[in-house]
Each structure stands twice: as structure tokens, then as C-alpha cells.
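Visitor: Okay, handing you the structure first.
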Amino acid sequence: MEQEEIYSKVLRAGRRTYFFDVRSTKAGDYYLTVTESKKFTNDDGSFHYKKHKIYLYKEDFTEFNAILIEMTDYIIKEKGQEVISDRHQKDYVKEEFQHEESKEKPSSDSFVDVNFDDI
């Protein structure tokens with residue numbers, strides 16, 4: 001059973017949201033939970049969330065932090081900070097929305113920028 005929340009931060013990242021929560025054990029010590037929540041839309045328009053959680057205890061902080069820094073530094077060194085996934089490119093157009101005959105990308109005039117975080 002999860003204990004009292006002491007301190008929390010939220011990182012919204014597109015369809016994913018990360019929750020960082022400091023909690024207290026029954027003995028009064030602190031630990032960290034990191035929860036990834038990802039929104040999925042059903043065919044009928046309704047939606048649901050899938051959540052994954054890790055618990056991080058003080059005795060693991062130093063090694064966990066060292067490995068996290070090492071891994072993130074490695075990724076940045078090898079691939080840079082630019083996101084290279086197709087769907088993250090500013091001119092990305094989902095295949096099903098492309099014109100079937102010419103496979104031309106629609107003009108940018110046919111789309112409206114919508115920020116769903118404001119809803």
C-alpha cells in the first residue's frame with residue numbers, strides 16, 4: 001500500500017505524463033516513485049491510461065543516478081539532442097492522410113496547430 005505523498009512534480013510529454021512523487025514509508029523514511037502514464041484512445045472515442053511505476057529507495061539513489069546519467073549522456077553523444085523519429089519531424093504526415101495517387105504531402109495550409117495540453 002502506498003504511503004503519504006510528501007513532494008511531487010509532473011512532466012507532460014505528449015501522450016505521456018511522468019509523475020515524480022516523494023512518499024513516506026510507515027517507518028517515516030522517504031522513497032521516490034516514478035510513474036509513466038500514457039493515454040490511449042479506443043475506437044469509440046473513449047480513452048484509457050496505461051501506467052507503469054518504479055519505486056526507488058535511498059540505498060539505490062547513487063548507483064541509479066550514475067547509470068541514468070551515463071546512459072543519457074551516451075545517447076546524446078551518439079545521436080545528439082535532436083529527435084529523429086519520423087513522427088517527431090515537423091513535416092511528418094501519417095501515411096493514411098497522404099493522397100493515395102500522388103503520395104504528396106498536404107500543404108501546411110490544410111492543417112491547424114492544436115495544443116491538446118490546453119484542453
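Rule-based calculations on the coordinates, nothing more; no lab input. It should be emphasised that the depicted structure is a prediction, and the values quoted were computed from it without experimental measurement. Here Cβ is always computed from backbone atoms with ideal geometry, including for glycine, and neighbour counts include all displayed protein chains.
Visitor: In whole Hz, with x marking every Gly and Pro, tabulate ³J(HN,Hα) for the range 32-39 from phi via Karplus 6.51 cos²θ - 1.76 cosθ + 1.60, θ = phi - 60°.
Guide: 10, 10, 10, 10, 9, 10, 10, 8
Visitor: For Ala27 and Leu68, FRET efficiency with R0 = 22 Å and r from the beta-carbon atoms, rounded to 0.05?
Guide: Approximately 0.25, to the nearest 0.05.
Visitor: Where Rh is the Kirkwood radius over the Cα pairs of the range 5-98, the temperature 4 °C and the viscosity 1.567 mPa s, what D in µm²/s does Stokes-Einstein return?
Guide: D, rounded to a whole number, is 78 µm²/s.
Visitor: How far apart, in nm, are two points set 7 Å out from the Cα along the Cα-to-Cβ line at Ile76 and at Leu56?
Guide: Here the modelled spin labels are 1.6 nm apart.
Visitor: Counting Lys +1, Arg +1, Asp -1, Glu -1, what net charge surrounds Ile67 among other residues with beta carbon under 14 Å of its beta carbon?
Guide: Net local charge, Ile67 excluded: -4.
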